[in-house]
Amino acid sequence: MDPWLIWLIVASVLIVAEIFTLTAALGMLGAAALITAAAAAAGLSGPLQFAVFTVVATVTVLFVRPVALRHLLQPQTERFGVDALVGRAAYVVTEVTGREGREGRVRIGGEEWSARSYDETLVIPPGATVDVLEISGSTALVHPRE
């Protein structure tokens, strides 16, 4: 079997293993094996192939992997789902009180939600603008804008 084909098989195995582990290390070694396969196809001798693999693997694992991991592990900047509704303004459709069982309705970005006043003593009339402070289940806890 040709050496370049062996390196190609090694690269394939390492890259498939990377898909299951998500460590970025096996992917870097797979890339090094792929480059070594190209070097073997160009006619380099066995010892030079191992030297190419060693150099490329060392460079990718020491320098490329940390950069890749830094980009993968960045905190999420966008809020999604109900978390994105917290802090938004809402329009009161029906009277909102703080009492359980007597929930009003608010419109948040075109969608109508059941709502309760965050302060149990407040009664917020229809037409008022409120801020969404929290989402509890399918109920928005709101407070009137000042």
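Only one residue in F63, F80 is open to solvent by 60 Å² or more (accessible area, probe 1.4 Å) and under 30 Å from L8 (Cβ atoms), so which one is that?
Only one candidate qualifies: F63.
Among the candidates E18, E112, E95, single out the residue that is open to solvent by less than 50 Å² (accessible area, probe 1.4 Å), acidic (D, E) and at pLDDT 90 or above.
The unique qualifying residue is E18.
Only one of A37, A68 is surrounded by 13 or more Cβ atoms within 10 Å (Cβ to Cβ), out of contact with any Asp or Glu (no Cβ under 7 Å at 6 or more places or on another chain) and modelled with pLDDT of 90 or more. Can you tell me which? Walk me through how you get there before you give the answer.
Details: A68 fails: modelled with pLDDT of 90 or more.
Only one candidate qualifies: A37.
For a quick check of your reading of the model, give me the residue pairs whose first member lies in region 32-48 and is free of Cβ contacts under 8 Å to residues at least 12 places away in the same chain, whose second is part of a helix (DSSP H, G or I), with beta-carbon atoms closer than 8 Å and at least 6 apart or on different chains.
L44/V52; L48/A39
Residues of region 29-60 being within 30 Å of the chain's Cα centre (by Cα) and within 17 Å of L8 (Cβ to Cβ), which ones? Write out each step before concluding.
Step one: list which residues in region 29-60 are within 30 Å of the chain's Cα centre (by Cα), which gives 29-34, 56-60.
Hits for region 29-60 are L29, G30, A31, A32, A33, L34, V56, A57.
Restricting the first residue to region 12-23 and requiring it to be outside any helix (DSSP H, G or I), which pairs with a second residue that is open to solvent by less than 80 Å² (accessible area, probe 1.4 Å) and not polar (S, T, N, Q) meet a Cβ separation below 9 Å and a spacing of at least six or different chains?
Pairs found: T23/R65; T23/L69.
Have a look at E103, E134 and point out the one that is of a type outside the set (A, V, I, L, M, F, W, C) and modelled with pLDDT under 90.
Numbers: E134 fails: modelled with pLDDT under 90.
After ruling out the rest, the residue left standing is E103.
The values are calculated or read from the model by the stated rules, or taken from the named source; none is laboratory data. All of these numbers come straight from a predicted model, not from anything done at the bench. Cβ sites come from the backbone with ideal geometry, for glycine too, and all protein chains shown count toward neighbours. Accessible surface areas use protein heavy atoms only, side chains included; no ligands, DNA or RNA. Shrake-Rupley method; radii C 1.70, N 1.55, O 1.52, S 1.80 Å.
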